[in-house]
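Trainee: Mind having a look at this structure? Questions to follow.
Coordinate-derived values only; no laboratory data. The model shown is predicted, which means the values in this text are computed figures rather than measured ones. A quick note on method: Cβ atoms are made from the backbone with ideal geometry, for glycine too, and the neighbour counts reach across all protein chains shown.
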Amino acid sequence: MHAQQEDNEKLKQKVNTERFIYKDDEEMEKPFDWGQFKRLARYMKPYAKDKLPLIFIMMLLSTATKLTVPLLISIAIDKVFMGDEGPSLLYILVGVILALYVIQWVSNVFRIKYTNIIGQNVIYDLRADLFKHIQKLSFRFYDQRPAGSVLVRVTNDVNALQELFTNGVINLLIDCIQLVGIVVILLMINFKLGLAVMITVPIMFFMSTALRKRIRRAWQNVRIHQSRLNSHLNESIQGIRVTQAYVQEKNNMDYFEQMNMKNRRSWDKASAMNQSLGPLIEVTSAVGMCILFWYGGILAQSEAITIGLLVAFTNYIGNFWEPINRLGQMYNQLLVAMASSERIFEYIDEKPSVAEKTDAKQLPAIEGHVRLDHVVFEYEKNRPALKGIDLEVKAGQSVALVGHTGSGKSTIINLICRFYDPVQGAVRIDGEDLRNVTLQSLREQVGIVLQDTFIFSGSIRDNIRFGRLDATDEEIELAARAVHAHEFIMSLPQGYDTEVQERGNLLSMGQRQLISFARALLADPKILILDEATASIDTETELKIQDALKTLLKGRTSFIVAHRLSTIRNSDVIVVLDHGVIVEQGNHAGLMQRPNGIYKGLIEAQYRFFTEAV
Ligand SMILES: Nc1ncnc2c1ncn2[C@@H]1O[C@H](COP(=O)(O)OP(=O)(O)OP(=O)(O)O)[C@@H](O)[C@H]1O
């Protein structure tokens, strides 16, 4: 019994660990890619003309002032303290140093201000480009990715570039200029001493490069864990109702804890490694200092260098390690940003699988004649969802698509709206192959109401107006009345102005559907598609809806997918699908006369279901 319990516990743990599998969205190692860096830098171009030269001047000014101060101090030591100059030179030097600090401060303030402006603008543009593009991507793109991972690219990856643009690139330049400046000054003051002190640079460079590679990997590991945590969080919040309904909170929490712990451990490891870099730099700089005091002392004794210049040397060396340390960090930051930019550009470069031809023409006002010519379609290679569909629908006819679940009903609809293109064959409206027309001119004339109707945050009025943005309030109300939505809308606290939250959480499923009916009616499309649209409506409302549908469908070609067969018996043509093939076609009366017909079987099964249930 005990062993059985243990087995059960193990099985539960196994299921829990394997339940969530998130594809890692992160490249481990990527060499620096100049092409990509240039592409990224192009985002700075619009601001380059007026802001970049200013930033550059400010940068040179602050570095020059910073590097001049030690030289002035050395003059004070040699001429005033060690020499025989009077205090007036000291006052002048102190005044100049003070002025230099003020200049440095002012130039830094403006530099930071301008770099922030450029950085924020670049990030704004990049995010806008990315969002604009992913809005155009086809259903196939979204089929292949969890929403969480798309979200992470628009938020986290773009944020990762923010630091690079606001500080990174400019600090990198400042540090390079400062380093070159210091090296030149050191070698000019005393060539031999300069070389001797810098002997430690290559040693430190090699040691820190090796260490940094490991640090970079450790941070990448942190991001992988964070990304998994994000995906899980996104899924948990979206699926919270199902989780609670199946009392899976504890399992969910256990899994979250595991992820959270792994994330924390990876963070601890990375930050411990990071901290080991500081002492390495300190030791190297201490060795450099020792060399300076030892060799510098000898040179000073032989009067090859003055005490003032030795002090200046010490000062410069002190300022030397800091940018070297930062440059290493910056390189890491640059590689991280490059990985992020690669992921962003990957989306921006993604071509919509349903692409408009360059010479795509406007679909003129249609009559609504729809034809599917031997259409074959597959979502995944070698798994056809439609296996050669031939269907002709005259303008104004109402077509019902019926069949078992997974038989291909929604797929036909997806092709008529051109959310996907057929693999073989063609879908034509008024004789025009849909691949030859612009998406806008097609979709403006095809209305669709889905079972999972999407309600956007905003007022009820705005949601109905989504069907036609220039509709007047009267037209909106007329549409709502026609589909019997007006009564329930008026019973809401602010009527048409009632704010509904994202996804319409405040409304029932049926109410959401009535709103989308009104939305579709307002759009006044020549072809109307109702995909399981009446599934969530109660029988009483359905009777009203049947009446409304008559108005809604009048003069339009319509496609109705419904499991509730009572909704479709009045259709002109009923198309019965099975495993992606049309197996029967005709009107209700005709199909009911077929002995052993599939449609007849479906109707009888549904009738039995209802009579036995009652
Ligand atoms: N986005 C997708 N990616 C991969 N396969 C899909 C996708 N959508 C549907 N399929 C597959 O295509 C086939 C047809 O699906 P379709 O949604 O057209 O069926 P349906 O008749 O509308 O079913 P239901 O009545 O359950 O809505 C099914 O085998 C389904 O598994």
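Trainee: Rounded to the nearest 500 deg cm²/dmol, what is the calculated helix-only ellipticity per residue at 222 nm for the chain, with -39500 (n - 2.57) per DSSP H run of length n ≥ 4?
Mentor: -20500 deg cm²/dmol
Trainee: Here's something else I'd like to know. Tilt of helix 2-19 relative to the longest C-alpha principal axis of the chain, in degrees (0 to 90, nearest 10)?
Mentor: Once rounded, the angle reads 80 degrees.
Trainee: In segment 36-189, how many lysine pairs have Cα atoms under 18 Å apart, counting only pairs 8 or more places apart or on different chains?
Mentor: 4
Trainee: Please state, as a whole number in µm²/s, the translational diffusion coefficient that the Stokes-Einstein equation yields for segment 36-189 at 37 °C and 0.692 mPa s, with Rh defined as the Kirkwood radius across alpha carbon pairs.
Mentor: It comes out at roughly 172 µm²/s.
Trainee: Could you compute the FRET efficiency for ARG383 and LYS554, with r as their C-beta to C-beta distance and R0 at 45 Å, rounded to 0.05?
Mentor: My answer for the efficiency is 0.70.
Trainee: As I understand it, the value is the acute angle between the Cα axis of helix 598-613 and the longest principal axis of the Cα atoms of the chain; what does it come to in degrees, rounded to 10?
Mentor: Here the helix axis deviates by roughly 90 degrees.
Trainee: So how do ILE291, ILE412 line up by other beta-carbon neighbours within 10 Å, fewest first?
Mentor: On the way: ILE291 17, ILE412 28.
Least crowded to most crowded, the residues run ILE291, ILE412.
Trainee: State, to one decimal in nm, how far the label point of MET188 lies from the label point of ALA245, with both points 7 Å from Cα in the Cβ direction.
Mentor: The answer from the label model is 7.7 nm.
Trainee: At HIS374 and GLU322, where each label point lies 7 Å from the Cα along Cα→Cβ, what is the point-to-point distance in nanometres?
Mentor: Computed distance between label sites HIS374 and GLU322 equals 7.7 nm.
Trainee: Can I ask one more? Grab the beta carbon distance between ILE203 and SER271, set R0 = 25 Å, and tell me the FRET efficiency rounded to 0.05.
Mentor: Once rounded, the FRET efficiency stands at 0.50.
Trainee: So how do LYS250, LYS113, LYS66 line up by other beta-carbon neighbours within 10 Å, fewest first?
Mentor: Fewest-to-most ranking of LYS250, LYS113, LYS66: LYS250, LYS113, LYS66.
Trainee: Assigning unit charges at the beta carbon (Lys, Arg +1; Asp, Glu -1) and nothing else, what dipole magnitude in debye, to the nearest 20, does the chain show about its Cα centre?
Mentor: That gives a dipole near 1000 debye.
Trainee: Take LEU195 and SER508, extend 7 Å from each Cα along the Cα→Cβ direction, and tell me the distance between the two endpoints in nm.
Mentor: About 9.1 nm separates the two model spin labels.
Trainee: Give, to the nearest whole percent, the P(r) tail of segment 226-315 beyond 22 angstrom, counting all Cα pairs.
Mentor: Working: 2409 of 4005 pairs.
When every Cα pair of segment 226-315 is considered, 60 percent fall beyond 22 Å.
Trainee: Placing unit charges on C-beta atoms (Lys and Arg positive, Asp and Glu negative, everything else neutral), compute the dipole magnitude of segment 88-211 about its Cα centre in debye, rounded to 20.
Mentor: The calculation lands at about 220 debye.
Trainee: Once both axes come from the Cα atoms, what is the angle between helix 249-301 and the longest principal axis of the chain, in degrees from 0 to 90, rounded to 10?
Mentor: With both axes taken from Cα atoms, the answer is about 20 degrees.
Trainee: Here is a further query. Report the calculated FRET efficiency for THR314 and VAL102 (r = Cβ-Cβ distance, R0 = 30 Å), to the nearest 0.05.
Mentor: So the FRET efficiency works out to roughly 0.75.
Trainee: Here's something else I'd like to know. What is the fewest-to-most order of ILE305, ILE185, ILE237 by other Cβ atoms lying within 10 Å of their Cβ?
Mentor: Arranged by neighbour count, lowest to highest, ILE305, ILE185, ILE237 become ILE237, ILE185, ILE305.
Trainee: Another question, then. What do the square roots of 5 times the Cα gyration tensor eigenvalues come to for the chain, in whole Å, largest first, as semi-axes of the equivalent ellipsoid?
Mentor: 71, 29, 22
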